[in-house]
1. Would you mention how many residues in region 136-174 are without any contact (Cβ under 8 Å) to a residue 60 or more places away in the chain, part of a helix (DSSP H, G or I) and closer than 23 Å to Leu187 by Cβ?
2. Any idea how many residues of region 237-255 are closer than 23 Å to Gly354 by Cα and either buried (at least 20 other Cβ atoms within 10 Å of the Cβ) or touching a residue at least 40 places away in the same chain (Cβ under 8 Å) (or both)?
3. Would you mention how many residues in region 119-159 are in contact with a Pro (Cβ under 8 Å, 6 or more places away or on another chain) and either under 26 Å from Met222 (Cα atoms) or not assigned by TED's automatic domain parsing to the domain that holds Ser94 (or both)?
4. Taking the condition of being outside any helix (DSSP H, G or I), within 22 Å of the chain's Cα centre (by Cα) and not charged (D, E, K, R), how many residues in region 175-215 meet it?
5. May I ask you to list pairs of residues, at least six apart or on different chains, whose Cβ atoms are under 8 Å apart, with the first in region 318-337 being touching a residue at least 12 places away in the same chain (Cβ under 8 Å) and the second being among the acidic types (Asp, Glu) and surrounded by fewer than 24 Cβ atoms within 10 Å (Cβ to Cβ)?
6. Restricting attention to strands (runs of 3 or more DSSP E) lying wholly within region 306-368, give those where 1 or more residues are touching a helix residue (DSSP H, G or I) at 6+ places or on another chain (Cβ under 9 Å), surrounded by fewer than 17 Cβ atoms within 10 Å (Cβ to Cβ) and not β-branched (Val, Ile, Thr).
Amino acid sequence: MNLENLDASASGEAAPHARSEGKMITMATIAKAAGVSQGAISSLLNDRDYGIRVSAKTRERVFRVCREMGYMPNDLRAVVRMYPELGDFCLLISSRIGLEEPFADSLSRELLANVPERHLSVAFYDPALDYSANPAALPRPLANGVASKFILLGAPNPSLFSAIVSREIPLIHIGADAVTAGVTSLLPDYAHASRQAIETLFALGHRQIAILSGPFGSTDPMIIDLNFGVRAAYDSAKIPIEAHNVIYGDSSFEHGVASINLLLDRPQKPTALFCFNPAAAAGVLHGAQERGVQIPKKLSVISYGDAAFAPLLHPPLTTVSVSAAAVAAKAIEELQGRIKDQDVTASRRYLIPGSLNERASCGRVNEP
């Protein structure tokens, strides 16, 4: 079935009747077959509260009867509720991240290229807003009811989770654990990725390694996990971390420039840097070259996150990253599988491993 052939209005109510194989199907027909009142049918199809309590079990029975009859409502929202496999995919991005963030940009592109018939909408949410108290502020694809497969990137918002899973449609949360019924957590293995970065530098002979971390005391799960992986690599190699070589700050290009200037002004200079963000790494490359430091002959640079610009830098930036393509593929597979199996209540968790993207910004330590 193609939703584009249906009435795409998301503001009207489901028509009181529809045709199936030339036969007229009315709400009375459905109500009789499902053993419920016509008011309950209207409440379910129009997603409205008419003061009629309809249990999840009754809802499933009604929708099963509708599907068996081949009933196809005229209203798009009712179609999506009855046939969730036909609804759009929706990527919800935290307003604190935005599409300009490299991973968000890559993920949206991968999803658009791979969701069936490119039925993907992108919207933003406020991680601090209580949507239960502000239902009018719900992201439009959720409020309109045209999407049935949601992927959320950013900090969890319990009220938004509740608004989605209460409709018995699946939700993928990327980036942090969300132990909530109906939610699948896809967790990039940041700790493994940062450990891989440090171990790559160790293998090249580097011991004086500076770390451009996130803000001091950050509670961002990604920053916490990246720091954990760095610590694990040092502990495994039995090498102490030198606190003065850990630089805290934001993920900007300017922070990278300022950090490398600070480090190069010290008597004992690092031979390598690991940056938690490719924008900061780009600033490091720029600042080092402005100071006449040859990369990678005198300084190796590696970053977490494989932004689109990373291969275009001079020299091309070596990175460790969790592939947006791998995350998108797992998200699509999980959403489609949960709808097919009608498994929309379980809580699941998957770790997505990272990989090393070797380019020209890393080399063996320049022995004195």
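The values are calculated or read from the model by the stated rules, or taken from the named source; none is laboratory data. Since the structure is predicted, the reported quantities are computational estimates derived from the model, not experimental observations. Here the Cβ is made from the backbone with ideal geometry for all residues, glycine too, and neighbour counts use every protein chain on show.
1. The first filter runs over region 136-174 and keeps only residues without any contact (Cβ under 8 Å) to a residue 60 or more places away in the chain, leaving 136-143, 156-159, 161-164, 166, 171, 173.
Those left that are additionally part of a helix (DSSP H, G or I): 136-137, 140-143, 158-159, 161-164.
With closer than 23 Å to Leu187 by Cβ added as a condition, the list becomes 158-159, 161-164.
Qualifying residue count, region 136-174: 6.
2. The number of residues fulfilling the criteria is 1.
3. Start the filter on region 119-159 by keeping residues that are in contact with a Pro (Cβ under 8 Å, 6 or more places away or on another chain), which leaves 121, 123-125, 127, 143, 147-150, 154-157.
Next, only the ones that are either under 26 Å from Met222 (Cα atoms) or not assigned by TED's automatic domain parsing to the domain that holds Ser94 (or both) stay: 121, 123-125, 127, 149-150, 154-157.
The qualifying residues number 11.
4. Of region 175-215, the ones outside any helix (DSSP H, G or I) are 175-189, 204-215.
Subset that is within 22 Å of the chain's Cα centre (by Cα): 175-189, 213-215.
Narrowing the set further to residues that are not charged (D, E, K, R) leaves 175-176, 178-188, 213-215.
Residues flagged as outside any helix (DSSP H, G or I), within 22 Å of the chain's Cα centre (by Cα) and not charged (D, E, K, R) within region 175-215 amount to 16.
5. Qualifying pairs under 8 Å: Thr318/Glu358; Val322/Asp189; Ala324/Glu110; Ala325/Glu110; Val327/Glu110; Ala328/Glu110; Ala329/Glu110; Gln336/Glu85.
6. Values: elements: 318-321, 348-352, 355-357.
Those strands (runs of 3 or more DSSP E) span 348-352, 355-357.
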